[in-house]
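The values are calculated or read from the model by the stated rules, or taken from the named source; none is laboratory data. Keep in mind that this is a model prediction, so the values were computed, not measured. Glycine also receives a Cβ, built like all others from the backbone with ideal geometry; neighbour counts cover every protein chain displayed.
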């Protein structure tokens, strides 16, 4: 049967001639990405072995709606179409992951040459189309035999197996791949699989120990693989050597209040989230706050391992989605139970003030990305700069008609506002080298199945036809123009109200000044009340604006103005009501006299 044609006609052509307001450097790496398990399908094709996610998703009750990724988006069968789609979008970088089980079905030993051939042809096609591959070696789809025989990432044998697998990939693809990521978000992988039990292997028996051991082994796997790559390409000229890093997932943590206790809580939370992975990569040790809280539950690195880790990343690969506010536990928000994985962090989380939420309940707070980029630069000074290798917006999956499901204006707004945050950080000297949207295609979203979609491109249920969404149009234009304008795309962010507040306040003050020396008329009193109410509304809008910008000190100042104005308005309302009440009998007596 003939496949439906790609919906390429909706993608824009050459960029408009005017200079974008948010202009990025010519060398800025614009990209998008996907992962093997979530996108490829072909789970029993081409000699592929089973992964832990195959076993997990085929177990009833593990994935929403009983969804399995046996076909996923069928990238395995349609990769040529997908490469053409990327080329039409003009995206110069594409982040893909390799299925370890497709290359080495047992995780060790025999190599599946059909799997090697599949990825080799895909990489060659990307390069022919002017698209540079950024290859992730491991995106959570561990070969099932390594879990069953070695207990997965709890065993150093799995780390050794990974190094052998990575070495094979460096050997077979290394001349064509110049950017590698060893593992995707190891901390999240460890927590989801060994504490929360929401991902395979689904362990919850030792949530205060096993996640740290699993993540520790993944860090060592990364360091050893990076050392192997460096050794393999030592004879190459420096400018021809591939770069390598580890995908670090990090949200931002903002203090709930201006108190010193909450500021300390935010710093502590950053140590347990960003620092868990980033500190070993740049200092060779876990953050002191983690060591003090966890003691022997947190493994240690030998001097040799620490040295390998400190030299293991050529750039900081950041994966970011959201922001939370945090406070020190108190009577209202008591500490978490000691059996909880999160108890050692010693903080309580709160929704981010002023933030809307996406379909997964994550707070949309672009200021968090700006502050996180500044924090990483100031704390770690990463050589090679920072590449945001994953950032995107989830929406609920549905079976709506394509013309309706492709109007993803909320995703356009997300991309626009988060790219503005990146631009702001770069303008202040943070060396951000690129931004990769997650993801190219709608795909299987782990435990959420197909009920959550991140794609710039819709994958129609049933036919799996590709249809670019409004977000793909926005991103294509941004890539081709090297930036975008504030007016591009729909975005309902709160606008600044301070200028209107000052103008309205001046008008109110003029009315007050004109009434000095006497009692204002009822009409003037009503005018003063209405202007005070408008001022309170404008102050509230400005407080929301400051919160969205991440300036919570300013937001609290505007909150104080709101409180004073509301109090003043209530007082004026009572006085006005009393005057009206007093005037009514006088008016009645005058009417009777007439």
Residues 159, 185, 195: which one is surrounded by 20 or more Cβ atoms within 10 Å (Cβ to Cβ), under 28 Å from the mean Cα position of the chain (by Cα) and farther than 23 Å from residue 108 by Cα?
195
May I ask you to list the residues in the stretch 425-447 that are at negative phi, over 17 Å from the mean Cα position of the chain (by Cα) and surrounded by fewer than 24 Cβ atoms within 10 Å (Cβ to Cβ)?
426, 427, 428, 430, 431, 447
Residue list for the stretch 460-501, filter: surrounded by fewer than 12 Cβ atoms within 10 Å (Cβ to Cβ) and not in a loop (DSSP other than H, G, I, E, B)
499
Given (1) touching a residue at least 12 places away in the same chain (Cβ under 8 Å); (2) under 26 Å from residue 208 (Cβ atoms), index of the condition residue 318 fails:
(2)
Residue 295 - would you say it is surrounded by fewer than 18 Cβ atoms within 10 Å (Cβ to Cβ) and assigned by TED's automatic domain parsing to the domain that holds residue 207?
yes
Within the stretch 10-20, is there a residue that is within 26 Å of residue 420 (Cα to Cα), modelled with pLDDT of 95 or more and part of a helix (DSSP H, G or I)?
no
Do the conditions hold for residue 94, that is, is it assigned by TED's automatic domain parsing to the domain that holds residue 217, at pLDDT 95 or above, within 18 Å of residue 218 (Cβ to Cβ) and crowded, with 23+ Cβ neighbours inside 10 Å?
no
Residue 430, sole failed condition from (1) at pLDDT 95 or above; (2) touching a strand residue (DSSP E or B) at 6+ places or on another chain (Cβ under 6 Å)
(2)
Consider residue 53 carefully, then state whether it is in the same structural domain as residue 318 (by TED's automatic domain parsing) and either closer than 18 Å to residue 473 by Cα or modelled with pLDDT under 95 (or both).
no
Lone unmet requirement of (1) surrounded by fewer than 20 Cβ atoms within 10 Å (Cβ to Cβ); (2) part of a loop (DSSP other than H, G, I, E, B); (3) free of Cβ contacts under 8 Å to residues at least 24 places away in the same chain for residue 286
(1)
Consider residue 111 carefully, then state whether it is at pLDDT 95 or above, assigned by TED's automatic domain parsing to the domain that holds residue 178, closer than 24 Å to residue 183 by Cβ and surrounded by 20 or more Cβ atoms within 10 Å (Cβ to Cβ).
no
Determine if the stretch 356-370 includes at least one residue that is in a strand (DSSP E or B) and either farther than 21 Å from residue 553 by Cα or at pLDDT below 95 (or both).
yes
